[in-house]
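Novice: To start, I am sharing the structure in question, which I have written as structure tokens.
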Amino acid sequence: MRKSVLAALGAATIAVAVPAVANHHAATEALATALADDRRDDDRARDQYRNPAETLAFFGVKPGMTVVDYMPAGGWYTRVLVPYLGAEGNYIGINPDPAISPNPGFRDYASKLGANFAAQVDGWSLEGAPHAVYYSNEIEEDMHGTVDRVLIFREMHNIHRNGLMHTELTRLRDLLKDDGMLGIVQHRAKQWQAGDMVDGSRGYMRQQDVIGLVEAHGFELVGTSEVNANPKDTADWQRGVWEMPPVWGTKNPATKELGESDRMTLLFRKR
């Protein structure tokens, strides 16, 4: 595990000075330690599909940063980020304001996210960065301009299909420092697919649509990565991305051996 993490991060970073080399090695060691932690034993099977070392390297996440994890759900990335960011860092989980969405089903779902997360987090015995979870409407004014990175893992379809795009991207942008960045991993539709396949209702969105929507909310695209790509995913499942592992993949013989969904990985800078 440690060797593969160091190799992944080494490929994503160019050292230009001795202090930078030292900081780089410290960061790679910290991430290797976080990923190898015994508390991740149940999570580790997903590493081959979610590529956390390569993904966080591409997003430029480092120990000591203040990082927002949008809709942390079951905490898969929480259990990586909190120990990795360390005592000098801050982990902030932010959930959408349930009152904003016109979808009553999503309002009910979102209203439970914070309590569900809080009920689990103590059992994880996390050590590292201070951590807190907020609804967007709880964000204090003094938090604006304090965040180094905002990360959205596989939630852009929920933001889009539930009418949250403008409100949430605007709020997340306000939290970022002037040089802050937004990292997105999202299930990827084929660029030629019809509108009802790419509107988020099936979990998939077109990469060019996500880029356009994010840039329209005060960001500029810095780069893209294929680290989370999976060409085996045809992205045309009748029930959407949920037919792929880890949700229904074990029940659907057609997707069981395909791995998780094909995913875009995008990095934006606050404009």
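Values in this text are rule-based calculations from the coordinates and carry no lab data. Given the structure is predicted, the values throughout are model-derived calculations rather than measurements. Note that we place each Cβ from the backbone using ideal geometry, even for glycine, and neighbour counts take in every protein chain shown.
Novice: Please give the length that would be gained between Gln191 and Asn116 if that part of the chain were fully extended, namely 0.36 nm times their separation in residues minus their C-alpha to C-alpha distance (nm, one decimal).
Specialist: Roughly 23.4 nm would be gained on extension.
Novice: Using θ = phi - 60° and the Karplus curve 6.51 cos²θ - 1.76 cosθ + 1.60, what whole-Hz ³J(HN,Hα) does each residue of the range 91-102 get, with Gly and Pro shown as x?
Specialist: Ordered by residue, 3J(HN,Hα) equals 10, 10, x, 10, 10, x, 6, x, 6, 6, 6, x Hz.
Novice: Rank by packing, highest mean first: peptides 173-184, 83-94, with packing defined as the count of other Cβ atoms within 10 Å averaged across residues.
Specialist: Going from most to least packed, we get 83-94, 173-184.
Novice: Moving on. At 7 Å along Cα-to-Cβ for each site, give me the label-to-label distance between Asp174 and Glu29 in nm.
Specialist: Between Asp174 and Glu29, the simple spin-label model gives 4.1 nm.
Novice: A follow-up question, please. Specify whether the C-alpha gyration tensor of the chain places it in the rounded, prolate or oblate class, a ≥ b ≥ c being the square roots of the eigenvalues: rounded for a/c under 1.5, otherwise prolate if a/b is larger than b/c and oblate if not.
Specialist: rounded
Novice: Only helical DSSP H runs with n ≥ 4 go in: add -39500 (n - 2.57) per run for the chain, normalise by residue count and round the 222 nm mean residue ellipticity to 500 deg cm²/dmol.
Specialist: Working: 11 runs with 96 residues, N = 271.
Mean residue ellipticity, 222 nm, calculated: -10000 deg cm²/dmol.
Novice: By counting other Cβ atoms within 10 Å of each Cβ, how are His160, His25 ranked from fewest to most?
Specialist: His25, His160
Novice: For Lys62, list the lysines whose Cα falls under 30 Å from its own Cα; do not include residues on the same chain fewer than 8 positions away.
Specialist: Qualifying lysines at Cα under 30 Å: Lys3, Lys177, Lys270.
Novice: Among the lysines, which fall within straight-line cross-link reach of Lys256, defined as a Cα-Cα distance under 27 Å, with same-chain neighbours fewer than 8 residues apart omitted?
Specialist: List returned: Lys190, Lys232.
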